[in-house]
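The values are calculated or read from the model by the stated rules, or taken from the named source; none is laboratory data. Keep in mind that what you see is a predicted model, and the values were worked out from it rather than measured. Positions of Cβ are generated from backbone atoms using ideal geometry, with glycine treated the same way; all protein chains shown enter the neighbour counts. SASA here: full protein model, heavy atoms, side chains in, ligands and nucleic acids out. Shrake-Rupley method; radii C 1.70, N 1.55, O 1.52, S 1.80 Å.
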Amino acid sequence: MGLKEELEELRDDTLDKIENAQSSDALEEVRIAVLGKKGSLTAALRSMRELPKEERPVIGKVTNEVRDAVEAALEAKKQQLKAAELEEQMATGAIDVTLPGRSMPIGTEHLINHIIREVSDIFAGIGYEIIPGREVETDFYNFTALNAPQDHPSRSMQDTFYVLDRSGDVANVRGESDVLLRTQTSGTQVHTMEEEEPPIYMISPGKVYRRDVADPSHLPQFHQIEGLVVDKGITLGDLKGTLDYFIKAFFGEERKTRFRAHFFPFTEPSLEADVSCGICHGEGCRFCKNTGWVEILGCGMVDPNVFGYVNIDPEVYTGFAFGVGVERLACLKYNVPDLRMLLEGDMRFLRQF
Ligand code: DAH
């Protein structure tokens, strides 16, 4: 077999191998075996040097033709394999864009925050300011300036957490007023009257603390919303009208309000407000202990002694105040059976609101 035939055989053999290559990698192996540095065609070209001069052009031409044929076949096959491989990739790695996304659970607003927002919205809607309070207070703001001076019996109505200093004594401010966790949001009344001139129309939601053991109806930490109005000519009628408006806005138009005399040191007169029972609608049931009413908040006209602590002239201004328990509202509106559920973080409970 002459060199020409050998080259033609190499060509046919290579074209076969190219045709049968199953992957880009296999194709590359064929290319290297034929056209690589140590490839068979490369070797054939090299051996041309040993040919007699007159044969060289003929064989050179054949060699070039073989190389061109092999290169063309390689390129065509390369494109074909690439396309097939892409096809395959698309088929196996395909993303079904019509699948619904995986839903990320987003949290829910805690019932307590939800109620605070509802109440704040109602009062903001009639022009009240929403004022933040402070949870760490002094005895002066929590008791004294609210007309409960030292030894006043009303102090024992609320068992207090005191803040201790390093030596274990109750921490003091200016050597006279004990530092404590507020037992009520009412101290915000005093701060607000110190900081703002009347007219004042404000509510102030926040946490309060009392030395109580947690049970279904008590928590050592709970929430109140304080309300205060100070203006010229404010009467008990304004208080009743405002709270009746609030109760209807919060619980529903059909609910009725009634007021009973009560005692708080910082209001005179002091009242408690009841709302008609949402379960029996006033008929009497177990929930309202057959009275048709449930207690909802404390309120009253600001005691002139309190005005005395903040230098507001009670001859010019009058005012009313109220304080409502947020957990109490939660129980009445959403039938929470055990207040401890509000602290436990059980999502099955919390997600309902
Ligand atoms: N601070 C009272 C309490 O914690 C609630 C209260 C009653 C607040 C009457 C008031 C009010 O502003 O006027 O029991």
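Other residues whose C-beta falls under 12 angstrom from the C-beta of F143 contribute a net charge of -2, scoring Lys and Arg +1 and Asp and Glu -1. Close amide H pairs (under 5 Å, H built 1.01 Å from N) link C285 with N290, T291, G292, residues at least 5 positions away or on another chain. Each Cα pair under 8 Å and six or more residues apart adds its sequence gap; the mean of these over the residue count of segment 84-186 is a relative contact order of 24 percent. Between the C-alpha center of segment 14-43 and that of segment 112-144 there is a gap of 83 Å. Across segment 1-81, the mean sequence separation of Cα contacts (distance under 8 Å, 6 or more residues apart), normalised by length, yields a relative contact order of 42 percent. Across segment 266-275, rounded Karplus estimates of 3J(HN,Hα) from the backbone phi angles (6.51 cos²θ - 1.76 cosθ + 1.60, θ = phi - 60°) give 9, 10, 8, x, 10, 9, 10, 9, 10, 10 Hz, Gly and Pro being marked x.
Among K333, K17, K240, the largest mean-square fluctuation in a Gaussian network model of the chain (Cα springs under 10 Å) belongs to K17.
The H on the amide N of L297, modeled in the peptide plane, is under 5 Å from the matching H of A273, each at least 5 residues off or on a different chain.
Close amide-amide hydrogen proximity is noted between E129 and Y201, M202, I203, each under 5 Å apart and 5 or more residues distant or on a separate chain (H modeled in the peptide plane; Pro and chain starts excluded).
Within the set of other residues whose C-beta is less than 13 Å from the C-beta of G325, count the net charge using Lys and Arg as +1 and Asp and Glu as -1. Combined, the nearby Lys, Arg, Asp and Glu give -1. Per residue, segment 23-75 exposes 65 Å² of solvent-accessible protein surface, assessed with a 1.4 angstrom probe and all protein chains in place.
Taking N as the number of residues in the chain, what is its alpha-carbon radius of gyration divided by 2.2 N^0.38 Å? Show your work: numbers first, answer last.
Values: Rg = 44.2 Å, N = 353, 2.2 N^0.38 = 20.4 Å.
Dividing the Cα radius of gyration by 2.2 N^0.38 Å gives 2.16.
If R0 is taken as 25 Å, the Cβ-Cβ distance between E315 and E268 corresponds to a FRET efficiency of 0.95. For segment 128-144, putting each phi into the Karplus relation 6.51 cos²θ - 1.76 cosθ + 1.60 with θ = phi - 60° gives couplings of 7, 7, 9, 10, x, x, 10, 7, 9, 10, 10, 3, 4, 6, 7, 10, 4 Hz, in residue order, rounded to whole numbers and with x for Gly and Pro. Shape verdict for segment 261-353, please, from the Cα gyration tensor: rounded (a/c under 1.5), prolate (a/b greater than b/c) or oblate. Note, shape of segment 261-353 comes out oblate.
Which residue fluctuates the most in the chain, going by a Gaussian network model with Cα springs under 10 Å, if the choices are R286, R255, R134? Sorting by GNM fluctuation, first place goes to R286.
The largest accessible area among H218, H114 belongs to the first residue in H218, H114, and the rest follow in falling order (1.4 Å probe, all chains).
When the chain is described by a simple charge dipole with +1 on each Lys and Arg Cβ and -1 on each Asp and Glu Cβ, the residue from A124, F320, F246 located farthest towards its positive end is F246. Based on Cα contacts under 8 Å between residues 6+ apart, the chain shows a relative contact order of 14 percent. Comparing Y201, N335, A69 along the charge dipole axis of the chain, the residue lying farthest to the positive side is A69, per the Cβ-charge model. Summing +1 for each Lys or Arg and -1 for each Asp or Glu among the other residues whose beta-carbon sits under 13 angstrom from that of E19 gives +1. Of the solvent-accessible surface of segment 195-333, computed with a 1.4 Å probe over protein heavy atoms with every protein chain present, carbon and sulfur atoms account for 49 percent.
For the options I247, I122, I18, a Gaussian network treatment of the chain with springs between C-alpha atoms closer than 10 Å singles out I18 as fluctuating the most.
For segment 131-194, the solvent-accessible area of protein heavy atoms averages 51 Å² per residue (probe radius 1.4 Å; ligands and nucleic acids excluded).
Quick check on segment 58-198: take the gyration tensor over C-alpha atoms, sort the square-rooted eigenvalues as a ≥ b ≥ c, and tell me if it's rounded (a/c under 1.5), prolate or oblate. The shape class here is prolate. To put it simply, the accessible area of segment 1-130 at a 1.4 Å probe is 54 percent carbon and sulfur. In sequence order, segment 165-179 has phi-based couplings of 8, 4, 7, x, 7, 5, 5, 10, 10, 6, x, 10, 10, 5, 8 Hz under the Karplus curve 6.51 cos²θ - 1.76 cosθ + 1.60, θ = phi - 60°, and Gly or Pro positions carry x. Isolated cysteines in the chain, defined as those with no second cysteine Cβ under 4.7 Å, comprise C299, C331.
List the trypsin sites (Lys or Arg not before Pro) within segment 136-177 that DSSP assigns to loop and that have no more than 12 neighbouring Cβ atoms inside 10 Å.
Of the trypsin sites (Lys or Arg not before Pro), the ones in loops of segment 136-177 whose Cβ has at most 12 other Cβ atoms within 10 Å are R166, R174.
About its Cα centre, the chain has a charge dipole of approximately 460 debye under the convention of +1 per Lys or Arg Cβ and -1 per Asp or Glu Cβ, with nothing else charged.
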